[in-house]
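Encoded as structure tokens, the structure appears first; notes follow it.
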């Protein structure tokens, strides 16, 4: 394969297309090994879990990050925009149109020779992973950069799952200037863990999806390593069935995938988690820019506003928004403040002191003490650990700024360093793209709306794939 890699790198505009698990990230690390001593390398991808995955592969190969910059495309665009427009560009980061607006601005300024020259002086070569998930705006930005430096793309059209308002990138239409390579033909994800049967099953399903054919899950001889359960989450006893399945899995690497549809958003997944994950063994994955992070930060800033009297009702509303269970919140607080609890007098007195301190000082430190106390001392239940921990992190940030500004800074740091995901997790295909787990459990497969998301889901599994569906035959 050395000759193929050399040819791929020698072409100034090149594209590798390969199915999931066939070594695209490994190819990327091999390319970096060949170029690193003489080149400053820029690697762009789409997700923060993807950044962490690339860094993990590089760490295994003992590749130092000295001359390598790894970022999401949106994070890179934001960096360019800040250089040109200044930090004021960050002001509307909580707006859902923010990154699209940023990318449109970058597309305009990147046409200027001065900006392209800065990028050319900073980097010698660029790699873009998961290219099938690029929007047309992102593609145009990469196209501009490719005019001044070698640009190498990696992707798979069947894994295109990120949807945009504008037209998605089409390999056959938009990448005619890039030479295509197809030399990654071995399913390493499954071969490396001694599970060729599951690898072959995933490849069979891929072929059926590409030909728009039916997948008959109840044919155990056809799909080895795939376990089918004719159950739906809407069944009354489903969650106990799932719990029993989890007990049988002696694995520390499990991914539970909900359908990537609006009805199965973070609030729904958090609620479902409470019905089977009683020991909090599973990490509930969240989108880095979920609106609730910014809404909670804004609610805290509003609560501290001098014009607004802090009442028990307002604090109750905030604590519930942070995802503490309503029953725990209302057991301790009323509209007048902290409730009297004779059985918990000492804790009640402590809470009352903290509450009065917050009402008088309106400080973020005082609010942190309340949230931390109910979390660690009173052991209140909560639905969304990532949201709660993010709020606690920004409240501990000692810079003189609003909670919203602190949240933006916190999120931008994650954008740079990535987000490591492993162990036992709950999510959807959008949050786990490019990741792999020993056991993957797909819930409500019949609710998947397209073959791309289903393929991404089935190809996350390295050892065992468990599919729950109310019908044994799937067609997308």
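Could you list, in sequence order, the residues of the stretch 197-237 that are part of a helix (DSSP H, G or I), under 17 Å from residue 440 (Cα atoms) and in contact with a strand residue (DSSP E or B) (Cβ under 8 Å, 6 or more places away or on another chain)?
198, 201, 202, 205
Within the stretch 279-314, count every residue that is over 20 Å from the mean Cα position of the chain (by Cα) and not in a helix (DSSP H, G or I).
Qualifying residue count, the stretch 279-314: 9.
Are there any pairs, at least 6 apart or on different chains, whose C-beta atoms fall under 8 Å, with the first in the stretch 292-312 and at negative phi and free of Cβ contacts under 8 Å to residues at least 12 places away in the same chain and the second part of a loop (DSSP other than H, G, I, E, B) and surrounded by fewer than 18 Cβ atoms within 10 Å (Cβ to Cβ), and if so, which?
These pairs meet every condition: 302/308.
Scan the stretch 401-418 residue by residue and report those that are modelled with pLDDT under 80 and in a loop (DSSP other than H, G, I, E, B). Step through it out loud before you land on a result.
Of the stretch 401-418, the ones modelled with pLDDT under 80 are 415-418.
Selection gives 418 alone.
Would you be able to tell me the number of residues in the stretch 400-420 that are closer than 17 Å to residue 69 by Cα and without any contact (Cβ under 8 Å) to a residue 24 or more places away in the chain?
Residues that pass the stated criteria total 1.
Results for (1) in the same structural domain as residue 405 (by the TED database); (2) modelled with pLDDT under 95; (3) under 18 Å from residue 443 (Cβ atoms), shown as yes or no for each residue.
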site: 247; (1), (2), (3): no, yes, yes
site: 251; (1), (2), (3): no, yes, yes
site: 303; (1), (2), (3): yes, yes, no
site: 307; (1), (2), (3): yes, yes, no
site: 328; (1), (2), (3): yes, no, no
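Could you say which residue among 262, 226 is within 17 Å of residue 437 (Cβ to Cβ) and in the same structural domain as residue 464 (by the TED database)? Even if it seems obvious, please write down each step before you answer.
Working: 262 fails: within 17 Å of residue 437 (Cβ to Cβ).
Result of the check over 262, 226: 226.
Out of the residues in the stretch 124-138 that are surrounded by fewer than 20 Cβ atoms within 10 Å (Cβ to Cβ) and within 13 Å of residue 68 (Cα to Cα), state the one that is modelled with the highest pLDDT.
Top of the filtered list is 125.
In the stretch 218-266, how many residues are free of Cβ contacts under 8 Å to residues at least 40 places away in the same chain, under 19 Å from the mean Cα position of the chain (by Cα) and surrounded by 13 or more Cβ atoms within 10 Å (Cβ to Cβ)?
Of the residues in that region, 1 qualify.
Quick test for you: out of 258, 238, pick the one residue that is at pLDDT 95 or above and in contact with a helix residue (DSSP H, G or I) (Cβ under 6 Å, 6 or more places away or on another chain). Break it down into steps so the answer makes sense when it comes.
Numbers: 238 fails: in contact with a helix residue (DSSP H, G or I) (Cβ under 6 Å, 6 or more places away or on another chain).
On inspection, the qualifying residue turns out to be 258.
Going through the stretch 267-278 one residue at a time, which ones are surrounded by fewer than 17 Cβ atoms within 10 Å (Cβ to Cβ) and either touching a helix residue (DSSP H, G or I) at 6+ places or on another chain (Cβ under 9 Å) or at pLDDT below 90 (or both)?
Start the filter on the stretch 267-278 by keeping residues that are surrounded by fewer than 17 Cβ atoms within 10 Å (Cβ to Cβ), which leaves 267-268, 271, 274-275, 278.
Of everything in the stretch 267-278, those that are surrounded by fewer than 17 Cβ atoms within 10 Å (Cβ to Cβ) and either touching a helix residue (DSSP H, G or I) at 6+ places or on another chain (Cβ under 9 Å) or at pLDDT below 90 (or both) turn out to be 267, 275, 278.
The values are calculated or read from the model by the stated rules, or taken from the named source; none is laboratory data. As the structure is a prediction and not an experimental result, all values here were calculated from the model. Reconstructed Cβ throughout: ideal geometry from the backbone, glycine too, with neighbour counts over all protein chains shown.
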